[in-house]
Amino acid sequence: MKKLAFVGLGVMGYPMAGHLQKAGYDVCVYNRSHEKALKWQQEFGGRIAETPALAAADCEIVFCCVGNDEDVRSVALGETGIIAGLNSGAIFVDHTTASAELARELNNVASAQGKLFLDAPVSGGQAGAENGVLTIMCGGEQKVFDQAALIMNAYGRFSQLMGSCGSGQLAKMVNQICFVNTVQGLAEGLSFAQKAGLDTDKLIETISKGAAGSWQMDNRGKTMCAGEFDFGFAVDWVRKDLGIAFAEAEKIGADLTVTKQLDGYYQEIQENGGNRWDTSSLISRFKE
Ligand SMILES: NC(=O)c1ccc[n+]([C@@H]2O[C@H](COP(=O)([O-])OP(=O)(O)OC[C@H]3O[C@@H](n4cnc5c(N)ncnc54)[C@H](OP(=O)(O)O)[C@@H]3O)[C@@H](O)[C@H]2O)c1
């Protein structure tokens, strides 16, 4: 039985770690608030560690899924961090959506100690994590990816090595840029349809089969029309992700004019108390 560890049992990490344990691996978990680790153990079995370093001890691979760059640093670095706890030749896979710069920094720290690193942000949301059908975008060495990919199959439907370290995070930035622009297009179209007095159920059933169809339209179109915004990926999170993409765009000279406008719309939603609404809440700006 391969020994693995998972650090960060949030909305995403909790079910991901659960899939690993259910797949027959010997999983040790660490979570900052201990109660979540206890709840996880009651549900899935497995082991609990007191620090990320202790979780990583003797593991072939350690996975992590926390909030942002600083959160990753706090579980990865220092004496009690994942990297210190890893054996030489063991792998640290970070599933957090973070900067490409952080991925390179962690890779440097790990490789200086003979340890291996893969950045591996995910797409597919809470439902994707629970159903084990995430898309995983990776950056690192081929041999490291090959080893990790076999195990990530427990919760991933598709994994791709995009290139060297940081490339997984760059791919995730593109994913976020494309997806918020799709949501805004859908919000404008559906709000137009409501003002025009169209039957939006019939409309979605019809145009989702043509060139305007999208995952967003299939999964969020009807709830957007109903003003329901309780479907996982929160406005606070998407603004964190867009901030990472804007910083990278500045460095590489990419133009994100329209995406910046959408970030301003999400900021308006936050200011009106919609921090925890899901990202399809862009349509709420069209309601009188
Ligand atoms: N939710 C989604 O739909 C989704 C989809 C794709 C990607 N993501 C990305 O996946 C990552 C995790 O998202 P999530 O929805 O699972 O978040 P979440 O539910 O808020 O969970 C965050 C996890 O990170 C831990 N954590 C946060 N800061 C920490 C720190 N400084 N030290 C130690 N542990 C810390 C939390 O521990 P506590 O329990 O102690 O707070 C918790 O286990 C984020 O980068 C997010 O952008 C999320």
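The values are calculated or read from the model by the stated rules, or taken from the named source; none is laboratory data. Fair warning: this is a prediction, and the values are worked out from it, not measured in the lab. So basically every Cβ, Gly included, is an ideal-geometry build from the backbone, and we count neighbours across all protein chains shown.
TYR266 fulfils the conditions (1) surrounded by 16 or more Cβ atoms within 10 Å (Cβ to Cβ); (2) free of Cβ contacts under 8 Å to residues at least 12 places away in the same chain; (3) not β-branched (Val, Ile, Thr) except for a single criterion, (2). Name every residue in the range 269-281 that is of a type in the set (D, E, K, R) and touching a residue at least 12 places away in the same chain (Cβ under 8 Å), in order of residue number. Within the range 269-281, ARG276, ASP278 meet the criteria. Among residues that are at pLDDT below 95, part of a helix (DSSP H, G or I) and under 24 Å from the mean Cα position of the chain (by Cα), ASN219 is included. One residue is enough: does the range 240-254 have a residue meeting the conditions on the phi > 0 side of the Ramachandran plot, part of a loop (DSSP other than H, G, I, E, B) and surrounded by fewer than 15 Cβ atoms within 10 Å (Cβ to Cβ)? Scanning the range 240-254, I find at least one residue that is on the phi > 0 side of the Ramachandran plot, part of a loop (DSSP other than H, G, I, E, B) and surrounded by fewer than 15 Cβ atoms within 10 Å (Cβ to Cβ), so the answer is yes. Before we move on, is SER159 crowded, with 18+ Cβ neighbours inside 10 Å, of a type in the set (Ser, Thr, Tyr) and part of a helix (DSSP H, G or I)? No; evaluated as a whole, the condition is false for this residue.
Scanning the range 120-133 for residues that are near the ligand (Cβ under 8 Å from one of its atoms) and of a type in the set (A, V, I, L, M) yields VAL122, ALA129. Would you confirm, using the coordinates I've provided, whether ARG73 is near the ligand (Cβ under 8 Å from one of its atoms), within 22 Å of the chain's Cα centre (by Cα), closer than 23 Å to GLU105 by Cα and not hydrophobic (A, V, I, L, M, F, W, C)? Judged against the criteria, ARG73 is not a match.
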